[in-house]
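The block underneath contains the structure these notes are about, expressed in C-alpha cells.
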Amino acid sequence: MDYDGFFSAELEALKDEGNYRWFAELERKRGAFPRAVNRHEGGTRDITVWCSNDYLGMGQHPDVLAAMHDALDATGAGAGGTRNISGTTHAHVALEAELADLHGKEAALLFTSGYVSNWAALGTLAARLPGCVVLSDAGNHASMIEGIRHSRAQKLIWKHNDLVDLEAKLAALPADCPKIVAFESVYSMEGDIAPIEAICDIADRFGAMTYLDEVHAVGLYGPRGGGIAEREGLMDRLTVIEGTLGKAFGVMGGYIAGSAALVDFVRSFASGFIFTTALPPAVAAGACAAVRHLKQSERERAQHQARVADVRARLDALGIPHLDNDSHIIPVMVGDPVKCRFISDRLMADHGIYLQPINYPTVPKGTERLRITPSPVHGPAEVDRLVDALGDLWAQCQLARRPVAAQ
Ligand SMILES: *Cc1c(COP(=O)(O)O)cnc(C)c1O
C-alpha cells in the first residue's frame, strides 16, 4: 500500500470540504497578553488574541510565574516518573489538596490534562461498575465521549439540557443497575449553562451518580472560583466534579474531585492515570498558585464579566448576531463556512485580530461561528478595534443584522 498516498488523499478530501485545520503560529508576550506575535509565511505581525481559553490572563499572572520559577529552580524540569514510581512530588500533593478544598470534596486527583481526566475517570468508573449505564448529554465534549466509548459500558445520549428526556431514559432502566449522568456546566460552543440542580434532583430519584465537567467554569464562577456548582451552592450534590488547569487557571493539567473512596478507586484502577509520567512539578506549582489566587480574589472574575457585557453591548449596537447566553462565551453567528473563514482571515491579515473560525464538525453545518472570549486583559481600545473590524466585515460579506434596539 502507498501509505503516504492514502494520507494525502484523505487530507485533500478534508481541504475540499473546508474542514482542514490550519494553525496560527503564535508567540504570546508575557505581560502584554492578549498581544502576541504571529509568524506566517510572509514574516511576522503583532496581533491581539480574541479566542483564548486563558480566560483571565492567569497564564501571565506574577504569582503563577513566580511559583513556576521557584519550583523549576528548586526541583528541576520534570517529575521523573509516574506518580507510583518517584513522580509524586510535594507540588502534586499540595495541588490535590487545594483542588479538593476548592470543590468541597474529600479528595482530588490530578491528570496530565482535562481530556485525560475525563477519558480516564469516566472510562474507569463506567467500565468497573458492574452493568453500569452512562447517560451522556448530547453536547458533551469529545473527552467524555471517548472515555465512555472506551469503557464499553452501555451509553444513552439524552437531548442537550433536556430534563424530560433525561428522566424518561432513567425511568426506563432497571432500578438497581449503576448509572452515571455525565454533563457539563458551561458548554463551550454555545455558552449555555446546564440546569445542574434539576439534573441532580432527577439523578437522585433514580439512584444515579452525577459527573459534571466544569472545565469552562472553574476559576470563573462562584465566590472562590469553584465553578457554576459553587455559585449555585450545589457542589455537594455532585458525585464527581471534573476541571482543567489549562483554561482559566492558565497553566496545564486536569483533575477530578469527589469522595475519598471514589478518588482512591480511580487512582488505583485508571490506566490513564497510572501509566504516564506525572506533570512537571513547576506546572503543578503554577496551577496551585493560580487556584489559590482565584480563591481569594474576586477582581478578575468581576472584570471578566464586565468586559463580556461590554463586548455584547457593542455587538448589539451594530446588530451583529450573537447567541444570548448567561456565560462569558460570545458565539458570533456567521452561518456560512466560507464567510466564517474569510472573516477570520481578513481580521488577522488586515486588522491584527486573531479570532479562530469554528466550522463543522465542531459545530453543526449552517451554524458556523466566531467564538469571542473577552478577558480582563483586553482593553477598551482593543474592544473598539474588534467591534469596528467586525462591523466592516459584516457589511462586506453582506451578512444579516439584528434589529438594533432604539436607545
Ligand atoms: C478543553 C475541554 C476539556 C479538556 O481539557 P484540557 O485540559 O484542555 O485537556 C474537557 N472538557 C471540555 C468541555 C473542554 O472544553
**Prompt:** Do you know which residues across the stretch 185-210 are over 21 Å from Val291 (Cα atoms), among the hydrophobic types (A, V, I, L, M, F, W, C) and within 15 Å of the ligand (Cβ to nearest atom)?
**Reply:** Met189, Ile193, Ala194, Ile196
**Condition check for Leu110: in the same structural domain as Ala257 (by the TED database), within 17 Å of Cys288 (Cα to Cα) and either of a type in the set (A, V, I, L, M) or not in a loop (DSSP other than H, G, I, E, B) (or both)** = yes
**Request:** Give the number of residues within the stretch 249-266 that are surrounded by fewer than 24 Cβ atoms within 10 Å (Cβ to Cβ) and within 19 Å of the chain's Cα centre (by Cα).
**Result:** 1
**Complete:** Residues in the stretch 76-89 that are exposed (fewer than 15 other Cβ atoms within 10 Å of the Cβ) and either in a loop (DSSP other than H, G, I, E, B) or touching a helix residue (DSSP H, G or I) at 6+ places or on another chain (Cβ under 8 Å) (or both) total 5
**Message:** Being in a loop (DSSP other than H, G, I, E, B) and crowded, with 24+ Cβ neighbours inside 10 Å is the filter here; which residues of the stretch 185-207 pass it?
**Reply:** Ser185
**Fill in**
Within the stretch 135-166, residues being among the small types (Gly, Ala, Ser), in a helix (DSSP H, G or I) and closer than 18 Å to Pro364 by Cβ number 1
**Item:** Candidate set: the stretch 131-158, residues that are under 21 Å from the mean Cα position of the chain (by Cα) and loosely packed, with under 14 Cβ neighbours inside 10 Å; chosen: the one farthest from the ligand (Cβ to nearest atom)
**Value:** Ala138
**Message:** One residue is enough: does the stretch 167-184 have a residue meeting the conditions within 16 Å of the ligand (Cβ to nearest atom), closer than 30 Å to Ile372 by Cα and not in a strand (DSSP E or B)?
**Reply:** no
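Inside the stretch 342-371, can you point out the residues that are charged (D, E, K, R) and part of a helix (DSSP H, G or I)?
Asp345, Arg346, Asp350
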**Request:** Run down Ala302, Ala317 and say which single residue is aliphatic (A, V, I, L, M), part of a helix (DSSP H, G or I), without any contact (Cβ under 8 Å) to a residue 24 or more places away in the chain and farther than 30 Å from Thr88 by Cα.
**Result:** Ala302
**Prompt:** Could you say whether any residue in the stretch 114-124 is on the phi < 0 side of the Ramachandran plot and either more than 16 Å from the ligand (Cβ to nearest atom) or touching a Cys at 6+ places or on another chain (Cβ under 8 Å) (or both)?
**Reply:** yes
**Prompt:** Being within 16 Å of the ligand (Cβ to nearest atom) and polar (S, T, N, Q), is that true of even one residue in the stretch 297-304?
**Reply:** no
**Message:** Take Ala260 and tell me if it is aliphatic (A, V, I, L, M) and within 13 Å of the ligand (Cβ to nearest atom).
**Reply:** no
**Pair list, Cβ < 8 Å and 6+ apart or interchain, from the stretch 371-384 residues that are modelled with pLDDT under 95 to residues that are of a type in the set (A, V, I, L, M, F, W, C)** = none
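Condition check ((1) among the hydrophobic types (A, V, I, L, M, F, W, C); (2) surrounded by fewer than 24 Cβ atoms within 10 Å (Cβ to Cβ); (3) in contact (Cβ under 8 Å) with a residue 40 or more places away in the chain; (4) more than 16 Å from the ligand (Cβ to nearest atom)) across all residues:
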residue	(1), (2), (3), (4)
Leu212	yes, no, no, no
Asp236	no, yes, yes, yes
Thr244	no, no, yes, no
Lys247	no, no, yes, no
Ala285	yes, no, yes, yes
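The values are calculated or read from the model by the stated rules, or taken from the named source; none is laboratory data. Every value quoted in this text rests on a predicted model; they were computed, and no experiment measured them. Note that each Cβ is placed from the backbone with ideal geometry, even for glycine, and that neighbours are counted across all protein chains shown.
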